[in-house]
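Have a look at the structure below, then the notes.
The values are calculated or read from the model by the stated rules, or taken from the named source; none is laboratory data. Computed from a predicted structure; not experimentally measured. As a convention, Cβ positions derive from the backbone with ideal geometry for all residues, glycine included, and neighbour counts pool all protein chains shown. The accessibility values were calculated without ligands, DNA or RNA, using every heavy atom of the protein model including side chains. Shrake-Rupley method; radii C 1.70, N 1.55, O 1.52, S 1.80 Å.
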Amino acid sequence: MIALNELVKNYDNFVDRYKLMGKKAKLDSIIFLEKKFTKLQLETNQERSNCNKLCGNVAEKLRRGESTTSLIDEINSLDKKINSSTAKLTSLYKKINNKLKKLPSYPREDNVLNIPIKTTQTNLGAKDFVNEIAKIAEIRELEETTLDFLKSQENCVFEVEKLPTIIGFKNKISILSSKDDVLKIYDKLINFLEQNAKLLIKKSIKQMKKESTSEYRTVLADRSVIDIRLVEEYYSREYSLKYHDSKKDMSRFLNQIDIFIYSKSF
């Protein structure tokens, strides 16, 4: 899921990039809902502030022995309005998120054609590439699917010191990383393939998967085909997967790289 604030801040860039991708995305409806949400949120916050002030006045009136009936009626009326506005905000938030989930990630590149990358061919096979990945961090094998795993970790906050973490699924490896490290790891893997793969192609943004911000396909000497997808925060935003950086005293969304391996020997 893409970030709403990024879409609002870079609206024209999103429109242009989606056109290059050949995607028909109804971004105007999201911007309309976002403005409606922001306006109602400001009004609701002001109503809460007013309600708190009125509650403070009740205590003052009671101290002076004055009647609080009309003031309490006003508070109750304002409270009902706040509850109604809160329900509308929740509904708007769900609508916005449902629309954001349907949008593809914003590609880092603008190539509309597949780009072959010159490689130095070696006898590298799928198992050799997996061993190279394992040098980054130990690969933890799981029987469940990737999405089942992500769902099981919903709202989890990882410690940055324990990242990256690498998980092996059936014919797939996922690398979960901090935002600072994800591009370093991704570039390192692509550079390794440039030095070893039989064939390496930077995928056209028209052919990338919905979740990818960058994507490569490689063929190795043992005829294994591997897709490497830079996913970044696409899934972590949906499942609220974060990591805490104690040095910066802040939490950020987890970043992700997905590696799909199609090989008879793996």
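Any idea which of S67, S49 is exposed (fewer than 12 other Cβ atoms within 10 Å of the Cβ) and at pLDDT below 85? First the steps, then the outcome.
Details: S49 fails: at pLDDT below 85.
None of the others qualify; the one that does is S67.
Only one of E74, E141, E109 is surrounded by 14 or more Cβ atoms within 10 Å (Cβ to Cβ), among the acidic types (D, E) and within 25 Å of the chain's Cα centre (by Cα). Can you tell me which? Even if it seems obvious, please write down each step before you answer.
On the way: E74 fails: within 25 Å of the chain's Cα centre (by Cα); E141 fails: surrounded by 14 or more Cβ atoms within 10 Å (Cβ to Cβ).
Step by step, each of E74, E141, E109 is checked, and only E109 is surrounded by 14 or more Cβ atoms within 10 Å (Cβ to Cβ), among the acidic types (D, E) and within 25 Å of the chain's Cα centre (by Cα).
Which pairs have Cβ atoms under 6 Å, sit 6 or more apart or on different chains, and link a residue in the stretch 105-130 that is farther than 29 Å from K170 by Cα to one that is open to solvent by 60 Å² or more (accessible area, probe 1.4 Å) and of a type in the set (K, R)?
Cβ pairs passing all conditions: V112/K206.
Just to confirm my filter: which strands (runs of 3 or more DSSP E) fall fully inside the stretch 156-266 and include at least 1 residues that are under 30 Å from K23 (Cα atoms)? Full working, then the answer.
On the way: elements: 157-159, 165-169, 172-177, 199-202, 214-219, 225-230, 242-245, 250-253, 255-262.
Passing ranges, in order: 172-177, 199-202, 214-219, 225-230, 242-245, 250-253, 255-262.
Given I82, I72, I96, which one is touching a residue at least 60 places away in the same chain (Cβ under 8 Å) and among the β-branched types (V, I, T)? Give the steps one after another, and end with the answer.
Values: I82 fails: touching a residue at least 60 places away in the same chain (Cβ under 8 Å); I72 fails: touching a residue at least 60 places away in the same chain (Cβ under 8 Å).
Being touching a residue at least 60 places away in the same chain (Cβ under 8 Å) and among the β-branched types (V, I, T) holds for just one of I82, I72, I96, which is I96.
Scan the stretch 21-34 and report the pairs whose first residue is in contact (Cβ under 8 Å) with a residue 24 or more places away in the chain and whose second residue is open to solvent by 40 Å² or more (accessible area, probe 1.4 Å) and part of a loop (DSSP other than H, G, I, E, B), with Cβ atoms within less than 7 Å and a gap of 6+ or a chain change.
Pairs that qualify, where the first residue is in contact (Cβ under 8 Å) with a residue 24 or more places away in the chain and the partner is open to solvent by 40 Å² or more (accessible area, probe 1.4 Å) and part of a loop (DSSP other than H, G, I, E, B), are M21/K206; G22/K206.
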